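In what follows, a single structure is set out as structure tokens and then discussed.
The values are calculated or read from the model by the stated rules, or taken from the named source; none is laboratory data. Since we're looking at a predicted model, the values are computed, not measured. All Cβ positions, even for glycine, are placed from backbone atoms using ideal geometry, and neighbour counts span all protein chains on display. Each accessible area value is taken on the protein alone, full model and side chains, heavy atoms only, with ligands, DNA and RNA left out. Shrake-Rupley method; radii C 1.70, N 1.55, O 1.52, S 1.80 Å.
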Amino acid sequence: MLKLTPILLLILYVAAMWFFSAWRLRQELNQKATPLRHPRLTPMLERLGAAMDLPPISAHVYEVAPVNGLAAPDGRIFLTRGFLDKLDADEVTPEELASVVAHELGHVSLGHSRRRLIDFAGQNAIRMALAGVLGRILPGVGAWIANIVATAVAARLSRQDEFEADRFASALMIKAGLGVEPQVSLFHKLDALTGRRGSPPAWFLSHPPAAKRIEAIRTHEARWTST
Ligand SMILES: [Zn+2]
């Protein structure tokens, strides 16, 4: 029983982290979310829905300035106000925003957003466990190494999710008759959109390099649209 105690504590900790993260995210989104109704986007949401034999996709606006899209663990899809401002300024097209919605739909359909919360809690657990063990063997640098390992594990997992969500988005965009061009052109714009000065946005950091993603999208396109 005594030997099991650390493991039980770790499980309790992971569960608590999961609930707390989910709760905090839900609070944040509920306070800063409004339904997405935009005359230039509604037709896009209808087309994406129709391509899946579904009613128009419902999406929400997350009232924050950074340019981003996200899929909440409850399955809701958000575009930030910052992203819609870029649409109004004609810096992005409705088709490009449709590709973001399609990408987030991929995360929802493939169950990524719920799993990511677990990843987040798991990452913390790995970090704590490793830091405890390594800290004893290598005082000083143990925690530092644990941090690097935990971050690398999480980055690897989320990278894979991004490629899968992109793949889903490409298929949906092709089926909706929009093609993969908006997906690709948005990647080319992202650097400029998110502002090169200062720190890069979290969204971009957590995603694999744009060139790699474009390459994967082109591969799917070639396979799916060849006659
Ligand atoms: Zn993503």
**Item:** Close pairs from region 157-173: first within 15 Å of A210 (Cβ to Cβ) and outside any helix (DSSP H, G or I), partner at pLDDT below 95 and near the ligand (Cβ under 10 Å from one of its atoms), Cβ under 9 Å, at least 6 apart
**Value:** none
**Message:** I'm told K86 meets every condition in (1) at pLDDT 90 or above; (2) within 16 Å of the ligand (Cβ to nearest atom); (3) out of contact with any strand residue (DSSP E or B) (no Cβ under 7 Å at 6 or more places or on another chain) except one. Can you identify the failing condition by its number?
**Reply:** (2)
**Fill in**
Only one of S109, S99 is under 20 Å from A50 (Cα atoms) and either away from the ligand (no atom under 14 Å from the Cβ) or buried (at least 20 other Cβ atoms within 10 Å of the Cβ) (or both), namely S99
**Request:** Quick one: count up the residues across region 190-227 that are at pLDDT 50 or above, open to solvent by 80 Å² or more (accessible area, probe 1.4 Å) and part of a helix (DSSP H, G or I).
**Result:** 5
**Residue among P6, P66, P56, P35 that alone is open to solvent by 40 Å² or more (accessible area, probe 1.4 Å) and in contact with an Asp or Glu (Cβ under 6 Å, 6 or more places away or on another chain)** = P56
